[in-house]
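Novice: Please find one structure pasted underneath; my questions will follow.
The values are calculated or read from the model by the stated rules, or taken from the named source; none is laboratory data. Fair warning: this is a prediction, and the values are worked out from it, not measured in the lab. Quick reminder, even Gly has a Cβ in these numbers, built from the backbone with ideal geometry, and neighbours come from all protein chains shown.
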């Protein structure tokens, strides 16, 4: 419990202090990285010291359960919290090594970490909304980082669309409270079964729209390319590698955890929307000429796989969705960080990322695709869809490789190691996960077990 | 009472959505603010019971639900903060672009795409030339 409290308090306090300091000084940036690393370490302590079931929970302020806000760290939430903070920390380290441009960057990034950590570990619906909004407010500020007119325009679009998304979420929260009379997620899961089916479906649709917007799924994707290409690589990496995880987490936690009957009802629709996302993202990514635009459309395609896995459902489907989200977050963080750097090593790292996006061994993406194939193997149409999607991603990723890395270097600027360090380390991690996937698979299956109630 | 709340919230949401779709960025911000009010109203409506104030020690008569009030207050604060953030963004953009409609933003985007296209065509030509 102490470690869990530290994980909540540390980024809060550190973020508030760092926001008022000048983040352009190296020391402040590294303090921010240290705060994130401390949070990750205390989450790791919670995960390792948890009892057999893997769940640590306490009620804030020593209130009786049902009155106070419950914080519940189960394997599913811990996995997402650690994943999002690791990708966030990687992007922040990258930016600090390159030189931070604006003074609030490290502080706001740490506050984003506070929001992410809270929303993945809370068991209270309204508390989830508050942390959700906190994380997003930090993301809004980050999205205008750089202050070019393009970044501000992209930030405005990102903010306006996502604010409306969160208010749709809030409408669903209000409806849940109306229907069940509680905000505790476990109690909601129990009472939702007796609720009026019409109301439950409306609530589920509200949650789906809110998280679909966050994730950038096909019909809600319109904001995504402008934002991901308009912001700096580090910010695009943060938005796609750690903030977008909220969408996948929300769909799994609310769909599979709270509204399992409605999820089953909508399974076919989810698969169709996911398939549309895969094809749309893939085809548009091929038509793009720059790496960041290609990655933005690729992000739309990749979340389609997650949605297809959720639609298939069951322990296998949820595990595939979790594995795929983890690997996709790592891929996207690494690839967005490489968009503005060149060189033979960077080219090699880009190839690892491209192979991982397409699902070719030995990169980690292969494991994600393998899990997906395991989940869909008895449906020929879906198998064809996955193969087509993989071919499309192979095509668009190597097309960009040809444009960007298969040409003679244009400038003879002295090669600096700073911008390359983080992408190279992440590339090694992706390769490592691909070669030794057992830990990730084991953790994902335990996390999926939490969702399917085993 | 429920119907009244539902209708009001629906009207607010509709008005907000209408403003969100307009070209003027300032109207978009006002639209966001109105949509946030619709959500707040729904929160209040989610637990309407007639009763006395729930102050300890609780009386025997029914008390009104304090939780939805607390949620509504939190949502109002968050909505205000986000609206302020949006207004700052619009202000920044107005200062840099000297306009506050979406069309100018779109124009900027199109120009950038064209520049990119030209540069790409040029680099390919020069590559082919050097290959020859």
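Novice: Would you confirm whether any residue within region A:23-31 is loosely packed, with under 15 Cβ neighbours inside 10 Å and under 20 Å from residue A:83 (Cβ atoms)?
Specialist: Looking through region A:23-31, none of the residues is loosely packed, with under 15 Cβ neighbours inside 10 Å and under 20 Å from residue A:83 (Cβ atoms).
Novice: I'd like to know if region A:259-266 contains one or more residues that are surrounded by 24 or more Cβ atoms within 10 Å (Cβ to Cβ) and closer than 21 Å to residue A:123 by Cα.
Specialist: yes
Novice: Still on this structure, I have one more. For residue B:108, only one of the following conditions fails: (1) out of contact with any helix residue (DSSP H, G or I) (no Cβ under 7 Å at 6 or more places or on another chain); (2) surrounded by 13 or more Cβ atoms within 10 Å (Cβ to Cβ); (3) within 9 Å of chain A (Cβ to nearest Cβ); (4) farther than 27 Å from residue A:168 by Cα. What is its number?
Specialist: With respect to (1) out of contact with any helix residue (DSSP H, G or I) (no Cβ under 7 Å at 6 or more places or on another chain); (2) surrounded by 13 or more Cβ atoms within 10 Å (Cβ to Cβ); (3) within 9 Å of chain A (Cβ to nearest Cβ); (4) farther than 27 Å from residue A:168 by Cα, residue B:108 is out only on (1).
Novice: Could you please give the count of residues in region B:82-103 that are touching a residue at least 12 places away in the same chain (Cβ under 8 Å) and either in contact with a helix residue (DSSP H, G or I) (Cβ under 8 Å, 6 or more places away or on another chain) or within 10 Å of another protein chain (Cβ to nearest Cβ) (or both)?
Specialist: Counting residues in region B:82-103 that are touching a residue at least 12 places away in the same chain (Cβ under 8 Å) and either in contact with a helix residue (DSSP H, G or I) (Cβ under 8 Å, 6 or more places away or on another chain) or within 10 Å of another protein chain (Cβ to nearest Cβ) (or both) gives 10.
Novice: Then there's this: For region B:9-26, which residues satisfy the criterion of being more than 9 Å from every other protein chain (Cβ to nearest Cβ), under 22 Å from residue B:75 (Cβ atoms) and buried (at least 16 other Cβ atoms within 10 Å of the Cβ)?
Specialist: Correct list: B:12, B:15, B:19.
Novice: Being more than 30 Å from residue A:235 (Cα to Cα) and part of a helix (DSSP H, G or I) narrows it down to one residue among A:79, A:88, A:48, A:10; which is it?
Specialist: After applying the criteria, what remains is A:48.
Novice: Across region A:167-195, which residue is surrounded by the most Cβ atoms within 10 Å (Cβ to Cβ) among those that are more than 25 Å from the chain's Cα centre (by Cα) and more than 14 Å from every other protein chain (Cβ to nearest Cβ)?
Specialist: A:192
Novice: Does region B:31-38 contain any residue that is more than 24 Å from residue B:68 (Cα to Cα), touching a residue at least 24 places away in the same chain (Cβ under 8 Å), crowded, with 16+ Cβ neighbours inside 10 Å and within 11 Å of chain A (Cβ to nearest Cβ)?
Specialist: No, region B:31-38 contains no residue that is more than 24 Å from residue B:68 (Cα to Cα), touching a residue at least 24 places away in the same chain (Cβ under 8 Å), crowded, with 16+ Cβ neighbours inside 10 Å and within 11 Å of chain A (Cβ to nearest Cβ).
Novice: Further, regarding this structure: Could you go through region B:68-81 and let me know if any residue there is within 25 Å of residue A:147 (Cβ to Cβ), within 11 Å of another protein chain (Cβ to nearest Cβ) and surrounded by fewer than 16 Cβ atoms within 10 Å (Cβ to Cβ).
Specialist: yes
Novice: Name, by its number, the condition in (1) away from chain B (no Cβ under 14 Å); (2) buried (at least 23 other Cβ atoms within 10 Å of the Cβ) that does not hold for residue A:230.
Specialist: (1)
Novice: Consider residue B:24 against the criteria (1) at pLDDT below 85; (2) touching a strand residue (DSSP E or B) at 6+ places or on another chain (Cβ under 7 Å): it satisfies all of them except one. Which criterion is unmet?
Specialist: (1)
Novice: Does residue A:351 satisfy the condition of being within 26 Å of residue A:311 (Cα to Cα), part of a helix (DSSP H, G or I) and at pLDDT 90 or above?
Specialist: Answer is no for this residue.
Novice: Let me confirm something: among A:54, A:77, A:66, which residue is over 22 Å from residue A:11 (Cβ atoms) and either surrounded by 15 or more Cβ atoms within 10 Å (Cβ to Cβ) or within 26 Å of the chain's Cα centre (by Cα) (or both)? Lay out the reasoning, then the answer.
Specialist: Numbers: A:77 fails: over 22 Å from residue A:11 (Cβ atoms); A:66 fails: either surrounded by 15 or more Cβ atoms within 10 Å (Cβ to Cβ) or within 26 Å of the chain's Cα centre (by Cα) (or both).
Only one candidate qualifies: A:54.
Table: residues versus (1) closer than 20 Å to residue A:174 by Cβ; (2) in contact with a strand residue (DSSP E or B) (Cβ under 9 Å, 6 or more places away or on another chain).
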| site | (1), (2) |
| --- | --- |
| B:51 | yes, yes |
| B:56 | no, no |
| B:80 | yes, no |
| B:84 | no, no |
| B:87 | no, no |
| B:114 | no, no |
| B:117 | no, no |
| B:123 | no, no |
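Novice: Still on this model: Take the residues in region A:144-153 that are in contact with a helix residue (DSSP H, G or I) (Cβ under 6 Å, 6 or more places away or on another chain) and within 9 Å of chain B (Cβ to nearest Cβ); name whichever of them is surrounded by the fewest Cβ atoms within 10 Å (Cβ to Cβ). Walk me through how you get there before you give the answer.
Specialist: Initially, region A:144-153 is screened for residues in contact with a helix residue (DSSP H, G or I) (Cβ under 6 Å, 6 or more places away or on another chain), giving A:144-145, A:149-153.
Checking which are within 9 Å of chain B (Cβ to nearest Cβ) leaves us with A:144, A:149-150, A:152-153.
On the way: A:144: 25, A:149: 16, A:150: 18, A:152: 25, A:153: 26.
The selected residue is A:149.
Novice: While we're looking at this one, here's another question. Within region A:335-358, does at least one residue satisfy the condition of being at positive phi and surrounded by 24 or more Cβ atoms within 10 Å (Cβ to Cβ)?
Specialist: We begin by selecting, within region A:335-358, every residue at positive phi; these are A:343.
Remaining after also requiring surrounded by 24 or more Cβ atoms within 10 Å (Cβ to Cβ): none.
Looking for residues that are at positive phi and surrounded by 24 or more Cβ atoms within 10 Å (Cβ to Cβ), one finds none in region A:335-358, hence no.
Novice: For residue A:391, are the conditions met, namely being out of contact with any helix residue (DSSP H, G or I) (no Cβ under 7 Å at 6 or more places or on another chain) and either at pLDDT below 90 or over 19 Å from residue A:291 (Cβ atoms) (or both)?
Specialist: yes
Novice: Let me ask another. Tell me yes or no: at least one residue of region A:316-339 is in a loop (DSSP other than H, G, I, E, B) and within 29 Å of residue A:421 (Cα to Cα).
Specialist: Within region A:316-339, one or more residues are in a loop (DSSP other than H, G, I, E, B) and within 29 Å of residue A:421 (Cα to Cα).
Novice: Among the residues in region A:117-127, are any without any contact (Cβ under 8 Å) to a residue 24 or more places away in the chain and either more than 10 Å from chain B (Cβ to nearest Cβ) or crowded, with 24+ Cβ neighbours inside 10 Å (or both)?
Specialist: no
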